[in-house]
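Peer 1: One structure coming up, written as structure tokens, with questions to follow.
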Amino acid sequence: MKLYDENGKQIVNVHKPNIGLSIILSVLIPGLGQIYCGKIGRGVIILFGTTILWITIIGAIVAYFWQIYDAKKVAENLNNDNFTI
């Protein structure tokens, strides 16, 4: 698509993004489809937001399994008369 000024002179050549490619890019890396479509700010916000969300979720999962392991170790230490903290 091309945009013209009032004198008929072409001023902008508008990029028409491929819908399928924008979907594939977003599946691979969140926000990349928006960046490809020219919405750079929106894409960066989505990228950082999903990155923080994934780090939070992964951190919560790691903490959950660590506390299970720690409870096992504490019980073993107490059962073996090893009262260290």
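Peer 1: Kindly establish whether Leu3 is modelled with pLDDT under 95, surrounded by fewer than 11 Cβ atoms within 10 Å (Cβ to Cβ) and of a type in the set (A, V, I, L, M).
Peer 2: yes
Peer 1: When you scan the stretch 5-85 for helices (runs of 4 or more DSSP H) that lie fully inside it, which ones turn up with 2 or more residues that are of a type in the set (Gly, Ala, Ser)?
Peer 2: 19-28, 40-79
The values are calculated or read from the model by the stated rules, or taken from the named source; none is laboratory data. Just so you know, these numbers come straight off a predicted model, no measurement behind them. So basically every Cβ, Gly included, is an ideal-geometry build from the backbone, and we count neighbours across all protein chains shown.
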